[in-house]
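Structure first, then comments.
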Amino acid sequence: MEYRRLGSSGLKVSALSFGSWVTFSFQADEDAAAELMTTAYDAGVNFFDNAEAYASGESERIMGRVLKKTGWPRDSYCVSSKVFWGGQLPTQRGLSKKHVRDACHAALERLQVDYLDLYFCHRPDPETPIEETVRAMNDLIAQGLVLYWGTSEWSADEISEACGIARALGLAGPTMEQPQYNMFERTRVEREYRRLFDSVGLGTTIWSPLASGVLTGKYAGGIPDDSRMALPAYDWLRERMETEEGRAQIAKAQELAAVAADLDVSLAQLAIAWCLKNPDVSTVILGASRPSQLVENLGALDVVEKLDAPVMERIEGVLDNAPGE
Ligand code: NDP
């Protein structure tokens, strides 16, 4: 495993990390979850991602039970949660001081840990002043309940504002952002956040490196019964794949599969290695519904060195979506 600094912080996270979202929410029982997490941990993964919204807290409960059962030393792994969608009541959602505090305590209980290593604001909340959220996060850090806080899918302007407020008030600012980043989704990470990488050394824990599985090439011949796109909760993904853009992505995945074949690697490995190649990526969060996928995807670490300039150029030729300046 390779370890990277989380932005300008001193925390070293594994370049590949493990996300529980779909797998723990819709597919896995506790034994399957334990097998996945153990496969990851044994390979050197030290960051396990979660959120209050995943299966209404059930994903955190499963992860908490696995962490307890494995008995891994608390100083050998990092665990996260995210606050935003806690429940239906007005006090149970968003980034108010109250919900940030309540959600943190509830996540700690579900995960059965004393502190969260990383705590994310799962989305921006236009109905809460950013200063209120910065103060709420700073309080949790001061209380030792959170080590680093960050954002997810915030704009560069919103993150800048949070950093500016924190600096002006002498409070802890955001250390990392959790954006979507993959071969099809590049603009935020490659262009919009550039100034934040340069100015505050923002870390990134990127999600959906395989574009929900499209970048494995497995949807070229239809929707396999045992795939994410076949899940009832994924109507939106199926519908998106029937649009012109979706069909173009499936076709591009086929072209990229040829690049992968020439390198003697799988398309999933190529797509993940391509994310790792970006030095602004602190960690790539892997989603996997079975251990064999995880083992394959962890192999992406060895593929990065194969991505030399001519290969990257060939990939760019297929993608044709590099964000301009
Ligand atoms: P991916 O885009 O990598 O999709 C993962 C899915 O692709 C797997 O569940 C599996 O689904 C399929 N897959 C993975 N590897 C293979 C393989 N080798 N061969 C064939 N199929 C494969 O990541 P996710 O969308 O799952 O996101 C990863 C994590 O990021 C989440 O768990 C969560 O922690 C985080 N996240 C954060 C968000 C945010 O807003 N902050 C939003 C979304 C995710 P299947 O087998 O069922 O087809």
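The values are calculated or read from the model by the stated rules, or taken from the named source; none is laboratory data. For clarity, every value in this text was computed on a predicted model and none was experimentally measured. As a convention, Cβ positions derive from the backbone with ideal geometry for all residues, glycine included, and neighbour counts pool all protein chains shown.
When the residues of the stretch 27-56 are filtered to those that are part of a helix (DSSP H, G or I) and touching a Phe, Trp or Tyr at 6+ places or on another chain (Cβ under 8 Å), which remaining residue is surrounded by the fewest Cβ atoms within 10 Å (Cβ to Cβ)?
The residue in question is Ala55.
Select, from Ala261, Ala273, Ala309, Ala248, the only residue that is surrounded by 18 or more Cβ atoms within 10 Å (Cβ to Cβ) and not β-branched (Val, Ile, Thr).
Of the residues listed, the single one that is surrounded by 18 or more Cβ atoms within 10 Å (Cβ to Cβ) and not β-branched (Val, Ile, Thr) is Ala273.
Search the stretch 113-151 for residues being surrounded by 21 or more Cβ atoms within 10 Å (Cβ to Cβ) and among the hydroxyl-bearing types (Ser, Thr, Tyr), and hand back the single one that is farthest from Gly201 (Cα to Cα).
The residue in question is Thr133.
Output the residue which, of all residues in the stretch 36-57 that are acidic (Asp, Glu) and within 14 Å of the ligand (Cβ to nearest atom), is nearest to Trp207 (Cα to Cα).
Only one residue fits best here, namely Asp49.
Taking only pairs six or more apart or across chains, which ones have beta-carbon atoms under 8 Å, a first residue in the stretch 297-321 that is charged (D, E, K, R), and a second residue that is assigned to a loop (DSSP other than H, G, I, E, B)?
As it stands, the answer is Lys306/Val265; Glu316/Ala322, since those pairs meet every condition given.
Of all residues in the stretch 160-182, which are farther than 16 Å from Ser9 by Cα and either of a type in the set (Lys, Arg) or over 16 Å from the mean Cα position of the chain (by Cα) (or both)?
Let us first name the residues in the stretch 160-182 that are farther than 16 Å from Ser9 by Cα, namely 160-162, 164-165, 168-170, 179-182.
Answer for the stretch 160-182, where residues must be farther than 16 Å from Ser9 by Cα and either of a type in the set (Lys, Arg) or over 16 Å from the mean Cα position of the chain (by Cα) (or both): Ser160, Glu161, Ala162, Gly164, Ile165, Ala168, Leu169, Gly170.
Which residues, taken from the stretch 276-308, are within 8 Å of the ligand (Cβ to nearest atom) and within 14 Å of Ala43 (Cβ to Cβ)? Before the answer, list the steps.
Of all residues in the stretch 276-308, those within 8 Å of the ligand (Cβ to nearest atom) come to 285-290, 292-294, 296-297.
Once the filter is applied, which keeps residues that are within 8 Å of the ligand (Cβ to nearest atom) and within 14 Å of Ala43 (Cβ to Cβ), the stretch 276-308 yields Leu286, Ala288, Ser292, Gln293, Leu294, Glu296, Asn297.
Output the residue which, of all residues in the stretch 5-26 that are in a strand (DSSP E or B) and more than 9 Å from the ligand (Cβ to nearest atom), is surrounded by the most Cβ atoms within 10 Å (Cβ to Cβ).
Filtering first and then ranking leaves Leu16.
In the stretch 1-38, what residues are charged (D, E, K, R) and closer than 26 Å to Thr151 by Cβ?
Glu2, Arg4, Arg5, Lys12
Could you go through the stretch 154-172 and let me know if any residue there is farther than 17 Å from Asn278 by Cα, within 11 Å of the ligand (Cβ to nearest atom) and either surrounded by fewer than 17 Cβ atoms within 10 Å (Cβ to Cβ) or not charged (D, E, K, R) (or both).
Taking every residue of the stretch 154-172 in turn, at least one turns out to be farther than 17 Å from Asn278 by Cα, within 11 Å of the ligand (Cβ to nearest atom) and either surrounded by fewer than 17 Cβ atoms within 10 Å (Cβ to Cβ) or not charged (D, E, K, R) (or both).
Can Pro179 be described as under 30 Å from Ile315 (Cβ atoms) and in contact with a helix residue (DSSP H, G or I) (Cβ under 7 Å, 6 or more places away or on another chain)?
yes
Since Pro124 meets every condition but one in (1) part of a loop (DSSP other than H, G, I, E, B); (2) farther than 17 Å from Ala103 by Cβ; (3) within 16 Å of the ligand (Cβ to nearest atom); (4) in contact with a strand residue (DSSP E or B) (Cβ under 8 Å, 6 or more places away or on another chain), which condition does it not meet?
All conditions pass for Pro124, except number (2).
Is there any pair with a first residue in the stretch 211-223 that is basic (Lys, Arg) and a second that is more than 8 Å from the ligand (Cβ to nearest atom) whose Cβ atoms are under 9 Å apart and which are 6 or more apart or on different chains, and what are they?
Hits for this filter: Lys218/Ala253; Lys218/Leu267.
State which residue is surrounded by the fewest Cβ atoms within 10 Å (Cβ to Cβ) when the search covers only the stretch 276-306 and only residues that are among the small types (Gly, Ala, Ser) and not in a helix (DSSP H, G or I).
The selected residue is Ser289.
Could you give every pair whose Cβ atoms fall below 7 Å, whose first residue belongs to the stretch 272-295 and is of a type in the set (Ser, Thr, Tyr), and whose second residue is at pLDDT below 95, counting only separations of at least 6 or pairs across chains?
Ser289/Thr23; Ser289/Gln27
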